[in-house]
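A.B. asks: Quick one: structure below, then a few questions.
The values are calculated or read from the model by the stated rules, or taken from the named source; none is laboratory data. For clarity, every value in this text was computed on a predicted model and none was experimentally measured. Using ideal geometry, Cβ is built from the backbone for each residue, glycine included, and neighbour counts are taken over all protein chains shown. Side chains are part of the model used for accessible areas, which takes the heavy atoms of the whole protein and leaves out ligands, DNA and RNA. Shrake-Rupley method; radii C 1.70, N 1.55, O 1.52, S 1.80 Å.
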Amino acid sequence: MAELTVDIAGIRLQNPFILASGIWGETGATLARALRAGAGAVVTKSIGLEPRAGYPNPTIVEVPCGFVNAMGLPNPGIEAYKEELEEALKPGKPVVGSIFGANASEFTSLARKMESFGVHALELNLSCPHAKGYGAQLGQDPDITKKITASVKAAVRIPVVVKLTPNVSSIATIGKAAESGGADAIAAINTLKGMTIDLELGRPVLSHGTGGYSGPGIKPVGVACVYDLFEAVKIPIIGMGGISTGEDAAEYLLAGATALQVGSVVYKKRDRTFTHLSRELSHFLSSHHYKSARALTGKAHGRS
Ligand code: SIN
């Protein structure tokens, strides 16, 4: 059997598959469920300083090869999230706290709180494609990315992952900015900005109009971003975007990912997601004579 264990920013995962932010992440019970169902780690829903209702429905629509969603960063606020984390931490596996803020000071307060609640790492959401004043509106600027990352790094001891948007002209530039701010790892990619229009109503389907496109349709974009980032930075990369089979996972590892996040596939495979992906990746590794998932990272760059 090939070895699936990976280490990312000093955290050991039983397998490379991490539940992405926004999927089952509003309650601790569902995060714990994903961990018990075999996830290597989970990322919480992005949490802000205050409770936020998010956008009115419809907030998600299925499209060919994936979904377009615009939830509007709904969350109960950092104080109320403490009890969800108590539940999420019960299986004793890594939990990553995702946070979003409007500036370095908000990110830093949230980071301190999340750390005090016992999460193993932080993920900075600098990539939501449609929330005014948050997410990609900050993370499309390398100086802001560096400033927020450095401010959070100076305030906490746990590893800091920066989640990047593909909606930029050069993701490598933003990755380098995160690295120079002290990021321990990069997660790439968040969703692509997208929209779908109801032909009968003649109006966008989602209440917010635009949203983020995820699922198998974005996999080639994600793989290219990970490939470019691997050339540009030395810190590890968590690859994501359209992974739904073990072979998709292998492709991301070959492009340069050390670990992987999965989101849209969970809507289809539910609790079976992590055991299926682990089994399929393991089969790919054995049938291609690789001893471990680690052995695949960056191989597509032809350096060794
Ligand atoms: C949302 O809450 O609308 C999505 C968040 C994200 O894309 O980061």
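A.B. asks: Per 0.36 nm of contour for each residue apart, how much would the distance between E247 and A80 grow if the chain were fully extended, relative to their Cα-Cα spacing?
C.D. replies: 56.2 nm
A.B. asks: Identify the residues of the range 218-254 with backbone N under 19 Å of a label point that sits 7 angstrom from the Cα of E3 along the Cα-to-Cβ direction, or state none.
C.D. replies: 236-237, 250, 253-254
A.B. asks: In the chain, which longest range has no trypsin sites (Lys or Arg not before Pro) that are both DSSP loop (not H, G, I, E or B) and surrounded by at most 16 other Cβ atoms within 10 Å?
C.D. replies: Values: sites that count: K132, R157, K234, K291, R303.
The longest such stretch corresponds to 1-131.
A.B. asks: Take E231, project a point 7 Å from its Cα along the Cβ direction, then tell me which residues of the range 271-304 have their backbone nitrogen under 12 Å from it.
C.D. replies: Under cut-off, by backbone N: 301-302.
A.B. asks: Roughly how far apart, in whole Å, are the Cα centres of the range 148-164 and the range 210-263?
C.D. replies: The two parts, judged by their Cα centres, are 21 Å apart.
A.B. asks: Pairs K147/K234; K269/K291; K90/K176; K153/K268; K146/K268: which exceed 31 Å Cα-Cα?
C.D. replies: K90/K176; K153/K268; K146/K268
A.B. asks: I'd like to know how the chain sits against the 2.2 N^0.38 Å rule of thumb: what's its Cα Rg over that expected value?
C.D. replies: Relative to the rule-of-thumb radius for its length, the chain sits at 0.92.
A.B. asks: Rounded to a whole number, what % of the accessible area of the range 158-221 do carbon and sulfur atoms account for, probe 1.4 Å?
C.D. replies: Numbers: 1410 of 2600 Å².
Carbon plus sulfur share of accessible area: 54 percent.
A.B. asks: Enumerate the calculated ³J(HN,Hα) couplings along the range 288-293 in order (Karplus 6.51 cos²θ - 1.76 cosθ + 1.60, θ = phi - 60°), each rounded to whole Hz, writing x wherever the residue is Gly or Pro.
C.D. replies: 10, 6, 9, 7, 7, 5
A.B. asks: Something else: Per Stokes-Einstein, at 25 °C and 0.890 mPa s, what whole-number D in µm² s⁻¹ belongs to the range 118-254, with the Kirkwood radius over Cα pairs as the hydrodynamic radius?
C.D. replies: Taking Rh from Cα pairs, D becomes 158 µm²/s.
A.B. asks: Given points 7 Å out from each Cα along the Cα-Cβ axis, report the T173 to A295 separation in nanometres with one decimal.
C.D. replies: It works out to 4.0 nm between the two label points.
A.B. asks: How much accessible area per residue does the range 83-217 have, in Å², with a 1.4 Å probe?
C.D. replies: In whole numbers, the range 83-217 has 41 Å² accessible per residue.
A.B. asks: Efficiency by 1/(1 + (r/R0)^6): what FRET value for E200 and E62, r their Cβ-Cβ distance, R0 = 25 Å, to the nearest 0.05? Can you show the working numbers first?
C.D. replies: On the way: r = 17 Å, r/R0 = 0.68.
E between E200 and E62, to the nearest 0.05, is 0.90.
A.B. asks: For every helix of n ≥ 4 consecutive DSSP H residues, a contribution of -39,500 (n - 2.57) applies; sum these over the chain, divide by its total residues, and give [θ] at 222 nm rounded to the nearest 500 deg cm²/dmol.
C.D. replies: Details: 10 runs with 105 residues, N = 304.
After summing the helix terms and dividing by the residues of the chain, the value is -10500 deg cm²/dmol.
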